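To start, the structure under review is shown below, and the notes come after it.
The values are calculated or read from the model by the stated rules, or taken from the named source; none is laboratory data. Values in this document were obtained by computation on a predicted structure and should not be read as measured data. Glycine gets a Cβ as well: all are built from the backbone with ideal geometry, and neighbour counts include every protein chain shown.
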Amino acid sequence: MDQEQFERPHDPTNGLGPVFNATSCASCHHLELAFADTARLSSGVRGRHLSRNAPTLLNRAYGKTFFWDGRAASLEAGVLLPIENPDELALPLDRLVARLRASPVPSAAVS
Ligand code: HEC
């Protein structure tokens, strides 16, 4: 995922196609705020309120556990959680894969 896809995943010109709808990672993890959110509780799809605040994503590649309660053991596992969370991006992974397959991304990227 590059910066363009992180901020505007729904923009058909970014090479990813319409994978997510209007909500993106950057809806909560704001680039200008070190990928964090100043809202005490972040807002998700269709105006739903989350029970937590979006933390910074800076240096998370060096983390040992992820999320406020440490429930994801790896960054790779953690990135899938906000995609499926019904209050965040609300996109089941099988639908994400179907959308990626239908998008202009080279098929090798989603094999
Ligand atoms: C609707 C708001 C929202 C969206 C959209 C969202 N996040 Fe998050 N993100 C959060 C919140 C809130 C947390 C903290 C949740 C927790 O700890 O339970 C979080 C936590 C994380 C973490 C763990 C950070 C840490 O320090 O452990 C990662 C990684 C992450 N998000 C990546 C992403 C990615 C990548 C996307 C896009 C695919 C995304 N997020 C979309 C709100 C959001």
Task: Scope the range 78-89; condition more than 9 Å from the ligand (Cβ to nearest atom) and within 15 Å of GLY47 (Cα to Cα); matching residues - done: PRO86
Open item on the list: Taking the conditions exactly as written (touching a helix residue (DSSP H, G or I) at 6+ places or on another chain (Cβ under 7 Å), within 10 Å of the ligand (Cβ to nearest atom) and at pLDDT 70 or above), does PHE35 satisfy them or not?
Closed with: no
- [ ] Look at the range 38-77 and say how many of its residues are within 30 Å of ALA98 (Cβ to Cβ), loosely packed, with under 15 Cβ neighbours inside 10 Å, hydrophobic (A, V, I, L, M, F, W, C) and within 7 Å of the ligand (Cβ to nearest atom).
- [x] 2
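Taking the criterion of being polar (S, T, N, Q), more than 21 Å from SER51 (Cα to Cα) and either touching a His at 6+ places or on another chain (Cβ under 9 Å) or assigned to a loop (DSSP other than H, G, I, E, B) (or both), would at least one residue in the range 73-95 satisfy it?
Checked against the condition, which is being polar (S, T, N, Q), more than 21 Å from SER51 (Cα to Cα) and either touching a His at 6+ places or on another chain (Cβ under 9 Å) or assigned to a loop (DSSP other than H, G, I, E, B) (or both), the range 73-95 yields at least one hit.
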